[in-house]
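All remarks here apply to the structure that follows.
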Amino acid sequence: MIEFSHVYKTYPGPVHALKNIDLNIDKGEFVFLTGPSGAGKTTLFKMISAYDIATSGGVKVAGYDLSEIKDGQVPYFRRKIGVIFQDFKLLKDRTIFENVALPLIIRGDKPMAISRRVSEVLEQVGLAHKHDQYPEFISGGEQQRTAIARAIIHQPGVLIADEPTGNLDPRLSEEIMDLLERVCAQGTTVFVATHDHDMVKRRKKRTLELRDGMIVGDTK
Ligand SMILES: Nc1ncnc2c1ncn2[C@@H]1O[C@H](COP(=O)(O)OP(=O)(O)OP(=O)(O)O)[C@@H](O)[C@H]1O
């Protein structure tokens, strides 16, 4: 589902953010990505989500060869993946319902189908009662669950989450991880970057460790 072969990413400077990354993550796997600040985690996620391209090497995700993808194909590729950003990126002037519905609106689904699916997913993340609220009037944990709902609404094959529990208290963090595990159990490949080593230990999932742009550990 996610395949890297000899991937390098060099930013101007030059900063060698990723060095010779070889990686294979199968359909339905749940994988943690750890590593100190600056190790290259966000860069790796940008390669997976086609927000940036590798300097060299091969990247294949959800059936797309991202080293050769044309600009026009990127929106179609994005429909196969879900991304949860560190800072949620919710639209302030849209309700929770509208934020979550966005990927389906962009895809051109019919209003009835959108309404049904959004209600289902808001129920799943425990936010049905907040559907007409605006993001700034709900808690951080609720905003995070809204971001997750938006990322899974179109049933993506791959879900990547960059520090999804970064600013949450331990109880909420556990709830979010339970939710991500349930998404994975439904067949989505889930890849989560985190600094929370205690949580990684408790969850006993495959864990990749990045350091200085290189994979220095893989518990698989
Ligand atoms: N656009 C850019 N231009 C130049 N250097 C960059 C750019 N983006 C990231 N870097 C550098 O690449 C390296 C990897 O950064 P990256 O953001 O991937 O790390 P990270 O592991 O996600 O860190 P954090 O845990 O702090 O989010 C760092 O040295 C960073 O300064």
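Do any residues in the stretch 41-59 that are touching a residue at least 60 places away in the same chain (Cβ under 8 Å) and under 14 Å from I25 (Cα atoms) have Cβ atoms under 6 Å from those of residues that are away from the ligand (no atom under 13 Å from the Cβ) and basic (K, R), where the two are at least six apart or on different chains, and which pairs are they?
none
Per-residue answers, yes or no, for (1) over 24 Å from P164 (Cβ atoms); (2) in contact with a helix residue (DSSP H, G or I) (Cβ under 6 Å, 6 or more places away or on another chain); (3) of a type in the set (A, V, I, L, M):
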{"site": "S56", "(1), (2), (3)": "yes, no, no"}
{"site": "Y64", "(1), (2), (3)": "no, yes, no"}
{"site": "I69", "(1), (2), (3)": "yes, no, yes"}
{"site": "F77", "(1), (2), (3)": "no, no, no"}
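Considering only the stretch 20-57, how many residues are within 11 Å of the ligand (Cβ to nearest atom) and at negative phi?
The qualifying residues number 14.
Would you mention how many residues in the stretch 40-98 are closer than 30 Å to H129 by Cα and part of a loop (DSSP other than H, G, I, E, B)?
Residues meeting the conditions: 13.
Which one is surrounded by the fewest Cβ atoms within 10 Å (Cβ to Cβ), of the residues in the stretch 37-75 that are closer than 30 Å to R202 by Cα and in contact with a Lys or Arg (Cβ under 7 Å, 6 or more places away or on another chain)?
Checked the stretch 37-75; the qualifying residue surrounded by the fewest Cβ atoms within 10 Å (Cβ to Cβ) is A62.
Can you pull out the helices (runs of 4 or more DSSP H) entirely within the stretch 131-220 that have at least 1 residues that are within 16 Å of the ligand (Cβ to nearest atom)?
Filter on the stretch 131-220 gives 197-203.
Name, by its number, the condition in (1) surrounded by fewer than 21 Cβ atoms within 10 Å (Cβ to Cβ); (2) within 16 Å of the ligand (Cβ to nearest atom); (3) charged (D, E, K, R) that does not hold for K9.
(1)
Have a look at K70, K80 and point out the one that is within 15 Å of L159 (Cβ to Cβ), modelled with pLDDT under 95, away from the ligand (no atom under 16 Å from the Cβ) and charged (D, E, K, R).
K80
With (1) under 29 Å from N167 (Cα atoms); (2) of a type in the set (S, T, N, Q); (3) in contact with a His (Cβ under 6 Å, 6 or more places away or on another chain) as the list, and N20 as the residue in question, which single condition is left unmet?
Only one criterion in (1) under 29 Å from N167 (Cα atoms); (2) of a type in the set (S, T, N, Q); (3) in contact with a His (Cβ under 6 Å, 6 or more places away or on another chain) is unmet by N20, namely (1).
The values are calculated or read from the model by the stated rules, or taken from the named source; none is laboratory data. Every value quoted in this text rests on a predicted model; they were computed, and no experiment measured them. Virtual Cβ from ideal backbone geometry, glycine too; neighbours counted across all protein chains shown.
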